[in-house]
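Working notes, structure below.
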Amino acid sequence: MKNHDHKTAATSKNGSNQDHVHALSIDRTFSSETVHPYDEMTWSYRTAEITDDKGKVIFKQENIEVPEAFSDLATKILASKYFYGDIECGTNPKEGGRESSFKQVVDRVATTISDWGLEDGYFVDESQARVFNEELTWLLSNQYGAFNSPVWFNLGLYQKYGVGKDSCKGNYYWDQKHDVVMRANSQYEYPQCSACFIQHVDDNMDAIMDLAKAEAMLFKFGSGSGTDLSSIRSTREKLSGGGKPSGPLSFLAVYDAVAGVVKSGGKTRRAAKMNVLKDWHPDIEEFIHAKQIEERKAWALIEEGYDPSFNGDAYGSIKYQNENLSVRASDEFMQAAIDGSKFYTRRVTDGQPCEEKDASHLLDKIAEGTHICGDPGMQFDDTIHKWHTCKGSGRQNCTNPCSEYLFLDNSACNLASLNLMKFRTPDGLDAERFAAAAKIFIIAQEIIVDRSSYPTEGITYNSHWFRTLGLGYANLGALLMSYGYAYASDEGLGLAKAITAAMTGVAYKTSAELAALKGPFAGYHEAAHYGVPHPPEKDNVSSMLKVIELHKSHAEALDHNSPKPLAEFAVKAWKEAADLGKRYGYRNAQVTVLAPTGTIGFLMDCDTTGVEPAIGLVAYKTLAGGGVMTLPIKSIPLALETMGYDRDTIEQVCAHVKEYGTVENIELSGKSIQSGLKEQHIPVFDSAFRSGMGKRYLPYTAHIDMMSAVQPFLSGAISKTVNMPQEATVKEIRETYIHAWKKGIKGIAIYRDGSKRSAPVKTQKEKEEAQKPEVQVVTEPYRRKLPDTRESLTHKFSIGGSEGYITIGKYDDGQPGEVFIQMSKAGSTINGLMDCVGTLVSLCLQYGVPLETLVKKFSHVRFEPEGMTKNPHIPFAKSVIDYVARQLGMEFIPGYKEKMSPAIQEDDSFEDRNPNATTIEREAPKVDKAQLEFLTQSEGNLTCPECGSGKVKVTGTCACCLNCGTSLGCS
């Protein structure tokens, strides 16, 4: 590796060296010179307690010091995820005890970064370092921003507590003194701080196994990894010594197993993994089918009684469940799919044509997989390359697991996100404070780069060489709502554009200022990167300046839908970023992404995550005495106030949301219940899913419109879920992929509502009866007894392995008049209870209670035993009562079975609907639609794998538990 003198690296357009700035300009915007940030705040002591779904305490820590403004959820996440140490060892972290105050966490992060910045020449003196430290401390303490989880996990433990001094060798780091990659003496002296990694794999066994090891180390310290497997030769080629290659899918199973056994960060975060295959790879069709085939294996296992839960035997026995899969599609492929043209795959070894494929058929199969289980997603290769700042160093081949970070192979990115609601004023976003916060975080993230460690020499080299950062934001959906803008309205899109343009403009401006101080990133003037000895270009100056101009031109094109002051601020920031960059270059090849912000979003008490809209209109507050209170999200009253509603109406609407989960007027028991909201304002509160008893939700085009609006102002991409309704067809999903490609989006993940039966988010209460039942009025109770001799039917059932019998006696007209339920042994408690239930139901039927009323009342009542059944019409029962009620409906209510049974299939067969299906697809075990929906939802996290809670919230392509804070992603 060559040494580089960064202080002479920046050159002007004519090649002459420029005088470098010797200090950054860091002013106080948030903190006070005379009062420490902690002393401006009110602090309180809390107990953080997390229970599982049975009420058993799985985590508890008392006397936790947090800001008074922290919610209980933010406190739980802080205590259970980010506090270092062992509760059993006391409260002194230097002796192995557990941290007990947010001050300790912020201090070890902010102070360590400030000390590093002073030592590494970012600050001119201790006074400037102190200003930076207190600004960063203020922002973190007041929930204005947060770093990605690995920073909270790892940074400062060695410097503050001496953690790891006696540990084994750590990862690799860049030795700034000698300009070389070195191996750290311990695991925490140079902490792993990046959440996002992209790794390369060569087509040989050593490289394939080295990747598995490197990924395991990434997962251990809380990060996610992505790899393009297109470099591995296909099953249709030959090995150099003869024989047939295993192909990328065989090794995909190995990587999946590694991800499945390594807890991310040594905590309760699930390992996050992305694998990509390019459209030209000969094994692309098998890659597209991979998860669908495994899903069907799980269905067959569950049909035989295996546990269908997230950590159950069924899904634990199949492959590819710990990783996201995406097809990397070129413009050529997409156009061929639209035109119905042929498309040729090519051999990995020599690039020669391999097989002819029907591009349209492949896109159909991608859409079919998404319809069934959410995989694969799609990434659009030529769009990605258009915005690539370092084209001279090669193409971007993959993303991180959540798809927001795209860059060269063997690279890393540390993330941070700003809480947009903190910068809200009644007159609009405070651009000056927003810019000041963005600058502080960019500087902090830049300092972290060379003070971090990385799992391989290649990643270490490229992290130093390109210094990619990922600043983003959270709470956009809440901010738009608070201003009275519908999520994808012209005003909503306009504000989102201006915010994103301003953020990235300020970030690149700051990066240029850092380049003036420290020199541009080494790869700016020398395109070589690890693993590419002969790059196609000598530098990346031209490609980067062209991309900056492309960003700038989009900022200058902001129209009247964007708030004028913010748009003007953004244009000014981009002009300064471009001008400074031409003079000094840039310190960072990339600066912004939009991450899912799952765990850190909840740490900041955000109503909405990342760029997402509201999932629903209610939030959940756990009560100290047990139970959960449903409350309207905080943005609702603010939005109503902005739109001019008086206090009484605001209280009426909020009470309506609290009770019914929606702002819509509803019909209940034959009566219209008004929310008090004007009809023209209802779209402001449209959410990703139907909320509560409401019927409205955002169309899937709204998600694509938002992604398309902000994408031109981002260095990287967007972790974003495009939500589609349950009734969406394979054809509609296909068209959505095409629409996203045409709109210039870099990548897209689609979730079809209801495709995962164990829904990750519940936004609707069980619907109450719309009308009162019609009951014949009599002067005194009348009981219609059954004849002494009557027909009956007996039905055997099994619920989660618990067996029983239902016997139903019928009147002469064939209607039910009595029910007997037999379970367990005579004399047992459960048998006695079931006997009493049967008697009560029989009396109701004989006294004229409509069967429809009983079925509606007792369907979906939940208690043990619950689980899978062998009844194709009721594949899953939440309780015996649930099963009995629905079985009565299936047998005796006209039309009930046709409407409610998942086993009622379309007339056409699988073969008819899929004439091009492969043999293995045709022969795979088949199950009905309800099992399909239930199982894919179970695989999509109905319940949290740690605490068992059903309150798991989707955040982009990841998810986070609202009960214990467990993250199922990389934020």
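Test of understanding: among 619, 624, which residue is modelled with pLDDT under 85, aliphatic (A, V, I, L, M) and either part of a helix (DSSP H, G or I) or surrounded by 15 or more Cβ atoms within 10 Å (Cβ to Cβ) (or both)?
When all the criteria are applied, what remains is 619.
Please find, among 523, 470, 505, 492, the residue that is within 30 Å of residue 650 (Cα to Cα) and in contact with a Phe, Trp or Tyr (Cβ under 7 Å, 6 or more places away or on another chain).
Among 523, 470, 505, 492, only 492 is within 30 Å of residue 650 (Cα to Cα) and in contact with a Phe, Trp or Tyr (Cβ under 7 Å, 6 or more places away or on another chain).
Looking only at region 171-224, how many residues end up being at positive phi, of a type in the set (Asp, Glu) and within 28 Å of the chain's Cα centre (by Cα)?
Selection size over region 171-224: 0.
It is to be established whether one or more residues within region 685-698 are part of a helix (DSSP H, G or I), buried (at least 23 other Cβ atoms within 10 Å of the Cβ) and of a type outside the set (Lys, Arg).
The answer is yes; a qualifying residue exists.
Please indicate, with yes or no, whether at least one residue in region 335-353 is under 21 Å from residue 230 (Cα atoms) and acidic (Asp, Glu).
yes
Taking interchain pairs and intrachain pairs at least six residues apart, which have beta carbon atoms under 9 angstrom, with the first residue in region 435-454 and without any contact (Cβ under 8 Å) to a residue 24 or more places away in the chain and the second in a helix (DSSP H, G or I)?
Within 9 Å, no pair qualifies.
Pick out the one residue from 768, 818, 774 that is of a type outside the set (A, V, I, L, M), touching a strand residue (DSSP E or B) at 6+ places or on another chain (Cβ under 7 Å) and modelled with pLDDT under 75. Reasoning before the result, please.
On the way: 818 fails: modelled with pLDDT under 75; 774 fails: touching a strand residue (DSSP E or B) at 6+ places or on another chain (Cβ under 7 Å).
Of the residues listed, the single one that is of a type outside the set (A, V, I, L, M), touching a strand residue (DSSP E or B) at 6+ places or on another chain (Cβ under 7 Å) and modelled with pLDDT under 75 is 768.
Listed here are the residues, each with its yes/no results for (1) buried (at least 24 other Cβ atoms within 10 Å of the Cβ); (2) under 17 Å from residue 121 (Cα atoms).
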| position | (1), (2) |
| --- | --- |
| 451 | no, yes |
| 457 | no, no |
| 470 | yes, no |
| 475 | yes, no |
| 503 | yes, no |
| 512 | yes, yes |
| 525 | no, no |
| 536 | no, no |
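Taking the condition assigned to a strand (DSSP E or B), in contact with a Lys or Arg (Cβ under 9 Å, 6 or more places away or on another chain) and among the β-branched types (Val, Ile, Thr), does residue 58 pass?
No: the conditions fail for residue 58.
For region 142-170, what are the residues that are over 30 Å from the mean Cα position of the chain (by Cα) and polar (S, T, N, Q)?
If the condition is that a residue be over 30 Å from the mean Cα position of the chain (by Cα) and polar (S, T, N, Q), then 159, 167 are the ones that fit.
Within region 161-186, which residues are touching a residue at least 40 places away in the same chain (Cβ under 8 Å), out of contact with any His (no Cβ under 6 Å at 6 or more places or on another chain) and buried (at least 19 other Cβ atoms within 10 Å of the Cβ)?
Residues satisfying the conditions are 161, 163, 170, 171, 172, 173, 181, 184.
Please verify whether region 797-812 includes one or more residues that are more than 47 Å from the chain's Cα centre (by Cα) and either of a type in the set (D, E, K, R) or under 29 Å from residue 307 (Cβ atoms) (or both).
Yes: one or more hits.
Based on this model, can you work out whether residue 304 counts as at pLDDT below 90, surrounded by fewer than 17 Cβ atoms within 10 Å (Cβ to Cβ) and in the same structural domain as residue 239 (by TED's automatic domain parsing)?
For residue 304, the condition - at pLDDT below 90, surrounded by fewer than 17 Cβ atoms within 10 Å (Cβ to Cβ) and in the same structural domain as residue 239 (by TED's automatic domain parsing) - is met.
Here is a list of conditions, (1) of a type in the set (A, V, I, L, M, F, W, C); (2) in a helix (DSSP H, G or I); (3) more than 22 Å from residue 261 (Cβ to Cβ), and residue 216 meets all of them except one; can you say which number that is?
(3)
Matching residues to (1) surrounded by fewer than 22 Cβ atoms within 10 Å (Cβ to Cβ); (2) touching a strand residue (DSSP E or B) at 6+ places or on another chain (Cβ under 8 Å); (3) within 27 Å of residue 877 (Cα to Cα); (4) in the same structural domain as residue 255 (by TED's automatic domain parsing):
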{"residue": "312", "(1), (2), (3), (4)": "yes, no, yes, yes"}
{"residue": "328", "(1), (2), (3), (4)": "no, yes, no, yes"}
{"residue": "331", "(1), (2), (3), (4)": "yes, yes, no, yes"}
{"residue": "349", "(1), (2), (3), (4)": "yes, no, no, yes"}
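Checking residue 120 against (1) within 19 Å of residue 442 (Cβ to Cβ); (2) without any contact (Cβ under 8 Å) to a residue 60 or more places away in the chain, which single condition isn't satisfied?
(2)
When you scan region 329-348, do you find a residue that is in a strand (DSSP E or B) and closer than 21 Å to residue 274 by Cβ, even just one?
yes
Within region 517-548, which residues are assigned to a loop (DSSP other than H, G, I, E, B), touching a residue at least 12 places away in the same chain (Cβ under 8 Å) and not small (Gly, Ala, Ser)?
520, 521, 526, 530, 535, 536, 537, 538, 539, 540
Does any residue in region 647-660 that is exposed (fewer than 14 other Cβ atoms within 10 Å of the Cβ) come within less than 9 Å, Cβ to Cβ, of a residue that is assigned to a helix (DSSP H, G or I) six or more places away or on a different chain, and which pairs are these?
Filtered contacts from region 647-660: 647/641.
Any idea which residue in region 33-50 is farthest from residue 65 (Cα to Cα), counting only those that are of a type in the set (Ser, Thr, Tyr), without any contact (Cβ under 8 Å) to a residue 60 or more places away in the chain and outside any strand (DSSP E or B)?
34
So, in region 711-725, exactly how many residues are without any contact (Cβ under 8 Å) to a residue 40 or more places away in the chain and either hydrophobic (A, V, I, L, M, F, W, C) or farther than 23 Å from residue 406 by Cα (or both)?
Step one: of region 711-725, the residues without any contact (Cβ under 8 Å) to a residue 40 or more places away in the chain are 711, 722-725.
The next check asks that each one be either hydrophobic (A, V, I, L, M, F, W, C) or farther than 23 Å from residue 406 by Cα (or both); those that pass are 722, 724-725.
Count: 3.
The values are calculated or read from the model by the stated rules, or taken from the named source; none is laboratory data. Nothing here was measured: the structure is a model prediction, and the numbers come from that model. Glycine also receives a Cβ, built like all others from the backbone with ideal geometry; neighbour counts cover every protein chain displayed.
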